[in-house]
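The values are calculated or read from the model by the stated rules, or taken from the named source; none is laboratory data. All figures in this text were calculated on a predicted structure; none of them were measured in a lab. Counting neighbours? That spans all protein chains shown, and the Cβs are built from the backbone with ideal geometry, glycine included. The protein model used for the area step is the full one, side chains on, heavy atoms only, and it has no ligands, DNA or RNA in it. Shrake-Rupley method; radii C 1.70, N 1.55, O 1.52, S 1.80 Å.
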Amino acid sequence: MTAPRNLRLKLLDAAPLLLLAAVLLAFGAVSPRFLAPANLLQILVQASSLGIVAVGMTLVLLTGGVDLSAGSLMYLSAGVSGWLLLRGFPLPLALAAALATGVIAGLANGLLVSRVRLMPFVVTLATLYLWRGVGLNLTQTRAMNLPEGILRLAAARLAGVPAPVWILAGVLAGAHVVLTRTQFGRQIYAAGNDAAGARRAGVPVARILVAAYAASGLCAALSGLVAVAQLGAVSPTFGSQREFAAIAAAVLGGASLFGGRGTVFPGTLIGAVLIQAIENGLVVTGADPYLFPLITAAVIFAAVFLDSARRRNLENLHRRKVRGPAVQETSSP
Amino acid sequence: MTPLRLDRISKSFSEVPVLREVSLTVAPGEVLGIAGENGAGKSTLMNILGGVIAPDSGGMVLEGRAYAPRDPSEAGARGVSFVHQELNLFPNLTISENLFLTGFPRRRVLGLPLIDRRSAAQAARRLLDAVELPLSPDAPVERLSQGERQLVEVAKALHRDARVVIFDEPTTSLTANESARLFGIIERLQARGAAVLYISHALADVRRLAGRILILRDGEVAATGPAAEFTEERMISSMVGRPIGQLYPERRPLPSDAAPLLEARGLTHPGVLEDVGFTLYSGEVLGIAGLMGSGRSECARILFGLDPCERGEILLSGAPIQHLSPRERIRRGLAFLTENRRDDGLLMPAGVLANLALVEPRSSELEPVAARVGVRCANLDRQPVRQLSGGNQQKVALGKWLVSTPRVFLLDEPTRGIDVGARAEIYRIIAALAETGVGILMISSEIEELTGLCDRILVMRRGEIRGSIARPDFDREQILRVAL
């Protein structure tokens, strides 16, 4: 391998961080208030809901699939908890029911993908409508204003850091340990790289798929709860299109849409913070609201561009056959 | 005790018998060499042994107990491990992760079964030492050469305390050096008392390694006995069921007034080629020998315009073509048979005719070309080439270029993974092309076939041409010495 190519790979690996740094500096230059510690913490708080659903999305992307139903599931789980709360059920029960909803819905996605062998895109596109439909029925398409108690959850602080950030940190730590330090985690990467090969190697691919979609469901539900706790209400459009923001966050952070590549930490975390920083920066600098969709388009384009650039570089790497000096070096113990 | 006995194993696929009452035994510390043409049933037999498919009838006994694995992991648990011809590695994972993918050493931390990275690294280190690969266990597999990956695959098979190790064409992507290492590993396995089944088209390797040889033909055992009783000729005639005549066709010496067709001058690309120059004459078969990674394939790719080349000239009948696209070079009469027919050469799900039409869709020519290269299949139009044997696939890959009547044909490993009968046919096609004045540049890892077919052989090493030998003076050892 030649040195420039090595450098290019390193640059591509560092691209999410460089992009984040550039965004922070750019908005900071326009509005000094943007870089104030309070606002930076605010960005983290705002990013926590997106970050949590993006972690689940990353797990699914790693298997080579996608979970388009995540946004609808945020809505359904939040709807379930709201429905229970408004009928006087205790808060812990409402929260547990919301999380259970997420897991069950995720399991359904996973079973359809792994056992019935339907395409993830199609399965989760269908359940995108299904979960929202069930949610709309449950809420009678009315916005629900939730009791004070749930708002207090989001406002709670531990060591000066708001609860949503702690929850995000917990989800990230859990997913990171599972992905990098457990056999199951490494098998996710194998299954995502080549499902048939993984099956031949004795990897329980079906179980991995089910687990990944269930985890994504759980993350979507948790993300929904965090967002609801921040907003205090569930509107009929709640969570709508969040799956795309989650995909963009994961891919910006280095996850491949073709499976087998990506990290939740630092990758997806950086992606989520990056997207939220842009949104926050546009608000803080008082940018024209009509600019927002254009910026979103640019972000998604950047994400896909990075993904394909990484893939091209890897392919070139695979093609390399002549042994240059660089390889001799790695050959020595 | 006999570790492995197969008793009258039969298997049919959609009522076509693939194996008929095949029986064999392998003793501890014995290497059983298995040879046979493609389609003789070797892979099916090995897949039954490895638990990938179940036999229709017959039984297996492993170390005194009945052996009927339901899946590869059960076979592994009984101590049967498999080195597949096709690598089953995950390039996005490290060497050590590939070795332990379904059996990491673990330790519990807070009740979680985490990977014990240190033990994994140590165990991986030992396995890599056993296959003499001086690489870090944490190196990502995507950084390894094809040969290094093959050795990692071997290390994977050594991982479990294997009682029976099956090697299926393990040397196809190994350099001579790496092959020698593999043979050392097999000898150590033997010494440890493991039973080894070694399948290969490289008959010389089979004879060298095996204590006993078994030849499969049309799903039956055609011959079996101590290796000493087998000459290569006897192996070949047992494989094809008839004496094969001459493997290499008679070649007439090149006329002294043959016109230069393709000239390379000072081709240089940093890290790939260094001042490569030669002339290929009309009607000549020019061989390129050299180890894998010596720049042979890269040279062909540059000549064909697939890879960039910083300096140098390529002349086709005197006209420079180095700035032209591959498409335009094809139009001017260049053809290129890639070393990887599965990925680069053919549309595997499509039929023979569709594949033959890939280069030039001249529909009237397709069936005559199919007949000319001797493709054997059930239906030229409908049978996907995926279902054809390697030899027939290669004939299709060759044939698609013949539709366009090339003047210069670049062949990269034209007989890789092909049985001896199909080989002879491909050699005849090559010789016949040369006879009509086509210039042929043939890259091969098998010095045997270069000396059998070529008028001249160039030897490459580290991107340079280090020697050129003409026909009467061919000397295997000399070629190898220059190549190493």
For residue A:36 and residue B:125, what does the FRET efficiency come to when R0 = 51 Å and r is the distance between their Cβ atoms, rounded to the nearest 0.05? 0.50
Considering only C-alpha atoms, what is the centroid distance from the range A:164-235 to the range B:22-61, in Å? 42 Å
Within straight-line cross-link reach of residue B:11, aspartates and glutamates at Cα separation under 14 Å, skipping those fewer than 8 residues along the same chain: B:21, B:56, B:218, B:220
Residues of the range B:260-483: accessible area per residue at 1.4 Å, in Å²? 39 Å²
Helical mean residue ellipticity (222 nm; -39500 (n - 2.57) per DSSP H run of 4+; nearest 500) of the protein assembly as shown: -16000 deg cm²/dmol
Which value in nm describes the separation of the simple spin-label points at residue A:117 and residue B:315, placed 7 Å from the Cα toward the beta carbon? 5.8 nm
Restricting to Cα pairs under 8 Å and 6 or more apart, the percent relative contact order of chain B works out to 15 percent
Average accessible area per residue (Å²) across the range A:11-320 - probe 1.4 Å, nucleic acids and ligands excluded: 43 Å²
Identify, among B:314, B:426, B:268, the residue whose Cα sits farthest towards the positive end of the charge dipole of the range B:260-483, taking +1 on the Cβ of Lys and Arg and -1 on the Cβ of Asp and Glu, with the dipole about the Cα centre. B:426
Residues of the range B:66-96 that become at least 50 Å² less accessible with every protein chain present than in their own chain isolated, using 1.4 Å: which are they? B:88, B:90, B:92
With every protein chain in place, chain A: carbon and sulfur % of accessible area (1.4 Å): 70 percent
Enter the Cα centre distance for the pair the range A:45-60 and the range B:161-226, rounded to the nearest angstrom. 52 Å
If the only charges are +1 at each Lys and Arg Cβ and -1 at each Asp and Glu Cβ, what is the size of the charge dipole of the range A:1-131 around the Cα centre, to the nearest 20 debye? 200 debye
For residue B:259 and residue B:348, what is the calculated FRET efficiency with R₀ set at 41 Å and r taken between the beta-carbons, to the nearest 0.05? 0.60
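How big is the charge dipole of the protein assembly as shown about its Cα centre, in debye rounded to the nearest 20, if each Lys and Arg gets +1 on its Cβ and each Asp and Glu gets -1 on its Cβ? Walk me through the intermediate numbers first.
Numbers: 84 positive and 70 negative charges, 384 e Å.
Value, rounded to 20: 1840 debye.
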As a test of the definition: with a 1.4 Å probe, what buried accessible area, both sides summed, do you compute for B against A, in Å² to the nearest 100? 3000 Å²
Using only the alpha carbons of chain B, determine the length spanned along each of the three principal axes and report them from longest to shortest in whole angstroms. 71, 51, 43
Which shape class applies to the range A:11-320: rounded if a/c is under 1.5, otherwise prolate when a/b exceeds b/c and oblate if not, where a ≥ b ≥ c are the square roots of the Cα gyration tensor eigenvalues? oblate
Accessible-area order (highest first, 1.4 angstrom probe) of the listed residues A:129, A:189: A:129, A:189
With +1 on the Cβ of every Lys and Arg and -1 on the Cβ of every Asp and Glu, the dipole magnitude of the range B:360-484 about its Cα centre, in debye rounded to the nearest 20, is 220 debye
Between residue A:308 and residue A:258, how many nm apart are label points set 7 Å from Cα along the C-beta direction? 1.2 nm
Using the Cα centre of the protein assembly as shown as origin and beta-carbon charges of +1 (Lys, Arg) and -1 (Asp, Glu), tell me which of B:92, A:45, B:390 is placed farthest towards the positive end of the dipole. A:45
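Under 1.5 on a/c is rounded, so check that first for the range B:237-320, then, if it is not, pick prolate when a/b is larger than b/c and oblate when it is not; a ≥ b ≥ c are the square roots of the alpha carbon gyration tensor eigenvalues.
oblate
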Per DSSP loop assignment and a cutoff of at most 12 other beta carbons within 10 Å, chain A keeps its longest run without exposed trypsin sites (Lys or Arg not before Pro) at A:143-333
Everything considered on the Cα gyration tensor (a ≥ b ≥ c; rounded for a/c under 1.5, else prolate if a/b is larger than b/c, else oblate), the protein assembly as shown must be described as prolate
For the range B:100-152 and the range B:284-350, what is the centre-to-centre distance using only Cα atoms, to the nearest Å? 38 Å
Can you tell me the Rg and Dmax of the range B:357-463, counting just the alpha carbons, in angstroms? 14.4, 45
How much FRET efficiency would the formula 1/(1 + (r/R0)^6) give for residue B:372 and residue B:232, where r is the Cβ-Cβ distance and R0 is 30 Å, rounded to 0.05? 0.55
Residue-span extension gain [residue B:432 to residue B:476] - 0.36 nm each, minus C-alpha spacing: 13.4 nm
For residue B:156, which lysines qualify as cross-link partners when the Cα separation must be under 24 Å and same-chain residues fewer than eight apart are set aside? A:321, B:42
